[in-house]
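Here is the structure we will look at, set down as structure tokens.
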Amino acid sequence: MSFSPKLSFSIFLLFHLCSVMKATTPPSNKWLEPYRVTITNQDVPVVLLRCDDLDASLLKPGNSTSWKFRKNFWESNQYGCRFYWVDDNFVLQKHADFTVFDDQVANTLCGTDGYNMNRCYWYVTRDGFYYSKNDGSDWNLLHGWNNIG
């Protein structure tokens, strides 16, 4: 079977326009858009963290770690993280353990529109753990640190 040059060009043009529209149109479906979790250390000397199914991270003040993923079919994605506050000599000072992403977090703590759609921001400070639906404003304290012992 042979395609005519006009038909081939029309198909090429249609695919090209679809890809351009996809690149410039904000996502309209949260289910298809990947989620991104970002954790930033503001002022703790050193934060060691380990989240389910991810490599451990060491965050000094101003450092961040992030990962992205798509919700699975059952919407059962969950990332629990263990945080350790250590001083400059790597002596453990405090710790915390909580879920940074699951279906409840996605529906209440993550952004829901525009650029921030499906973005979940966590900010680690000496006071505790803040979340925001948009990067940089509206920080809310949600978890505190636990003392050792």
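Provide a single number: the residues in the stretch 40-86 that are in contact (Cβ under 8 Å) with a residue 40 or more places away in the chain and of a type outside the set (S, T, N, Q).
Within the stretch 40-86, residues that are in contact (Cβ under 8 Å) with a residue 40 or more places away in the chain and of a type outside the set (S, T, N, Q) number 13.
Anything in the stretch 68-93 that is touching a Phe, Trp or Tyr at 6+ places or on another chain (Cβ under 9 Å), open to solvent by 80 Å² or more (accessible area, probe 1.4 Å) and modelled with pLDDT under 90? List them, or say none.
Those that are touching a Phe, Trp or Tyr at 6+ places or on another chain (Cβ under 9 Å), open to solvent by 80 Å² or more (accessible area, probe 1.4 Å) and modelled with pLDDT under 90: R70, Q78.
From the residues in the stretch 128-149 that are aromatic (F, W, Y) and over 23 Å from F69 (Cβ atoms), which one is least open to solvent (accessible area, probe 1.4 Å)?
Checked the stretch 128-149; the qualifying residue least open to solvent (accessible area, probe 1.4 Å) is W145.
Return the only residue of C120, C110 being touching a helix residue (DSSP H, G or I) at 6+ places or on another chain (Cβ under 9 Å), assigned to a strand (DSSP E or B), touching a residue at least 40 places away in the same chain (Cβ under 8 Å) and closer than 15 Å to R36 by Cα.
C120
When residues of the stretch 100-127 are filtered for being modelled with pLDDT of 95 or more, surrounded by fewer than 18 Cβ atoms within 10 Å (Cβ to Cβ) and among the β-branched types (V, I, T), how many remain?
Residues that pass the stated criteria total 1.
The values are calculated or read from the model by the stated rules, or taken from the named source; none is laboratory data. Please read all numbers here as calculations on a predicted model, not as lab measurements. Note that each Cβ is placed from the backbone with ideal geometry, even for glycine, and that neighbours are counted across all protein chains shown. The area values use the complete protein model at the heavy-atom level, side chains included, leaving out ligands, DNA and RNA. Shrake-Rupley method; radii C 1.70, N 1.55, O 1.52, S 1.80 Å.
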